[in-house]
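Only one structure is covered here, and it is reproduced in the block below.
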Amino acid sequence: MTLEQLLKSTAERASRYLESLDERAVVPTTDALTQLSRLDEPLPDLPSDPEAVIALLDEIGSPATVATAGSRYFGFVTGGSLPATLAANWMAGAWDQNTAYTVMSPIAARLEEVAMRWLLDVLHLPSDCAVGFVTGATQANFAGLAAARHAILAKQGWDVETQGLFGAPPITVVVGDEVHVSLLKALSLLGLGRERVIRVPVDEQGRMRADSLPTLDDKTILCLQAGNVNTGAADPMAVIIPQAKAAGAWVHIDGAFGLWAAAAPEREHLVTGVDLADSWATDGHKWLNVPYDSGLVFVREPQHLRAAMTVNAAYLQQTDMREASHYTPEMSQRARGVEIWAALRSLGRQGVADLIERTCRHAARFADGLKAAGYTVLNEVVINQVLVSFGDAETTRRVVAGIQQDGTCWCGSTVWHGQTAMRISVSSWATTDADVERSLEAMIRVASTVKQAVI
């Protein structure tokens, strides 16, 4: 089989897989999971036919996937892949580009520059920000906080990139009590510590209380949140950021998904003031619906991100143009900007806004339908997140397990302010009104069955 035939055959398999998602359960069957044992074999001594390898991957692997590419997966704020971004991912794979330096991939460098400009425009961030295309929000938080660490210590005459933190002046890190674990992980990787943070109390929706801020100064990194992972709420940035800036603090925004509210005219008021910060982190593979892995870091003053990320060696051929390696933790890196460009080029400004607004409307419909059925929605449904309780903790856990086993849709569980809840995250471009109604019916049917069993 020629390479052309192999690629055509693989594309046909991928197309059949995607077309099947609407009819299959979101979770794999028991038989599909059992078949995975067929992959557990000794490493072959001899080469295998590539077509046979792909056939095995499809025949065993495809049935054992969770249908996150489908339209009824509502777990973990997981977006699907827009058609243009999936195709762009395939094209980028064929190109096989390393985007670290312009000389290695002029096309990737140009697409990143264009995508950067479009991103800053659609998110209403300062037009001269530095942008790094990273693996996800954890690395985006890492890079943004590394820039903050550099800026704060450089002002005190300390070169953290060459001298490390041994003997360095201390940095104070302030977070909300509902801080996401990815930001804490980034702090631990930076040597700033997960437990050295000062936690600020939050309100009933997880928003940082502006009246409870500690004393801030120019040795402080204040970490705010756009999009609480449970409720979707954003910290009151328009109130807090001016206070922080007046004190000389660096303000970092963890906006893994909630930052995209800025792209929708009907939701941007929820993140008013976000543009006043110093650095921002978000995901592309959540609400923008590009393939994994894709994250974005933005830094107001480019020199701080560049200073934190740049390394040089004699063999690295550099130009006067923007070199991607100077703005990300990675050196070798895949062409993530291709998919970001394809998403924005295919959607346009109005399409991005519609994607955000449409999924928010779906979330509101879930909340209304579950309330009407007699169940308790625990949060103010402001964007795409819904928290619902079906009674006590054990009953709610049984309902969530039943919904997952039913396979019509998939939702996860969480604990919110001591109360066990099911979390619905509507993030996929593919979700339709019909998907919502079909999923609502399944949720209510399963919950009713569990309730009757308890009685």
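The values are calculated or read from the model by the stated rules, or taken from the named source; none is laboratory data. Keep in mind the model is a prediction, meaning the values are calculated, not measured. Glycine gets a Cβ as well: all are built from the backbone with ideal geometry, and neighbour counts include every protein chain shown.
Run down Gly258, Gly273 and say which single residue is touching a residue at least 24 places away in the same chain (Cβ under 8 Å), buried (at least 24 other Cβ atoms within 10 Å of the Cβ) and in the same structural domain as Met237 (by TED's automatic domain parsing).
On the way: Gly273 fails: buried (at least 24 other Cβ atoms within 10 Å of the Cβ).
Exactly one residue qualifies, and that residue is Gly258.
Give just the number: which of (1) under 17 Å from Val239 (Cα atoms); (2) surrounded by 15 or more Cβ atoms within 10 Å (Cβ to Cβ) does Leu192 not satisfy? (1) is the only condition that Leu192 fails. Scanning the range 116-134 for residues that are charged (D, E, K, R) and assigned to a helix (DSSP H, G or I) yields Arg117, Asp121. Within the range 215-224, the presence of at least one residue that is closer than 23 Å to Gly157 by Cα, in contact with a Ser or Thr (Cβ under 7 Å, 6 or more places away or on another chain) and part of a loop (DSSP other than H, G, I, E, B) is confirmed.
Hey, among Val399, Val352, Val386, Val338, which residue is free of Cβ contacts under 8 Å to residues at least 60 places away in the same chain, in a helix (DSSP H, G or I) and either in contact with a Phe, Trp or Tyr (Cβ under 6 Å, 6 or more places away or on another chain) or surrounded by 18 or more Cβ atoms within 10 Å (Cβ to Cβ) (or both)? If you could, list the steps in order and put the result at the bottom.
Details: Val352 fails: free of Cβ contacts under 8 Å to residues at least 60 places away in the same chain; Val386 fails: in a helix (DSSP H, G or I); Val338 fails: free of Cβ contacts under 8 Å to residues at least 60 places away in the same chain.
Result of the check over Val399, Val352, Val386, Val338: Val399.
Every listed requirement among (1) under 22 Å from the mean Cα position of the chain (by Cα); (2) closer than 24 Å to Pro291 by Cα; (3) surrounded by 15 or more Cβ atoms within 10 Å (Cβ to Cβ); (4) of a type outside the set (Asp, Glu) is met by Asn98 save one, (1).
Can you tell me how many residues in the range 9-55 are surrounded by 12 or more Cβ atoms within 10 Å (Cβ to Cβ), outside any loop (DSSP other than H, G, I, E, B) and not polar (S, T, N, Q)? Even if it seems obvious, please write down each step before you answer.
First, pick out the residues of the range 9-55 that are surrounded by 12 or more Cβ atoms within 10 Å (Cβ to Cβ): 9-11, 13-14, 17-18, 20-22, 24-29, 32-33, 35-36, 50-51, 53-55.
If we keep only those that are outside any loop (DSSP other than H, G, I, E, B) as well, we get 9-11, 13-14, 17-18, 20, 32-33, 35-36, 50-51, 53-55.
Next cut, not polar (S, T, N, Q) only: 11, 13-14, 17-18, 32-33, 36, 50-51, 53-55.
Residues that pass the stated criteria total 13.
Do the conditions hold for Val446, that is, is it farther than 30 Å from Val352 by Cβ, in contact with an Asp or Glu (Cβ under 6 Å, 6 or more places away or on another chain) and buried (at least 18 other Cβ atoms within 10 Å of the Cβ)? In short, yes.
In this structure, is Gly70 at pLDDT 95 or above, closer than 23 Å to Asp293 by Cβ and either in contact with a Lys or Arg (Cβ under 6 Å, 6 or more places away or on another chain) or surrounded by fewer than 17 Cβ atoms within 10 Å (Cβ to Cβ) (or both)?
On the way: at pLDDT 95 or above: yes; closer than 23 Å to Asp293 by Cβ: yes; either in contact with a Lys or Arg (Cβ under 6 Å, 6 or more places away or on another chain) or surrounded by fewer than 17 Cβ atoms within 10 Å (Cβ to Cβ) (or both): no.
For Gly70, the condition - at pLDDT 95 or above, closer than 23 Å to Asp293 by Cβ and either in contact with a Lys or Arg (Cβ under 6 Å, 6 or more places away or on another chain) or surrounded by fewer than 17 Cβ atoms within 10 Å (Cβ to Cβ) (or both) - is not met.
Against the test of being closer than 25 Å to Val202 by Cα, in a helix (DSSP H, G or I) and modelled with pLDDT of 95 or more, the options Ala367, Ala442 yield a single qualifying residue, Ala367.
Inside the range 402-455, residues that are in contact with a strand residue (DSSP E or B) (Cβ under 8 Å, 6 or more places away or on another chain), touching a residue at least 60 places away in the same chain (Cβ under 8 Å) and hydroxyl-bearing (Ser, Thr, Tyr) make up a count of 3. Please enumerate the residues belonging to the range 114-137 that are surrounded by fewer than 23 Cβ atoms within 10 Å (Cβ to Cβ), among the β-branched types (Val, Ile, Thr) and in contact with a strand residue (DSSP E or B) (Cβ under 7 Å, 6 or more places away or on another chain). Once the filter is applied, which keeps residues that are surrounded by fewer than 23 Cβ atoms within 10 Å (Cβ to Cβ), among the β-branched types (Val, Ile, Thr) and in contact with a strand residue (DSSP E or B) (Cβ under 7 Å, 6 or more places away or on another chain), the range 114-137 yields only Thr135. For the range 278-306, the candidate set comprises residues that are in a loop (DSSP other than H, G, I, E, B) and in contact with a helix residue (DSSP H, G or I) (Cβ under 6 Å, 6 or more places away or on another chain); within that set, the residue that is surrounded by the fewest Cβ atoms within 10 Å (Cβ to Cβ) is Pro291.
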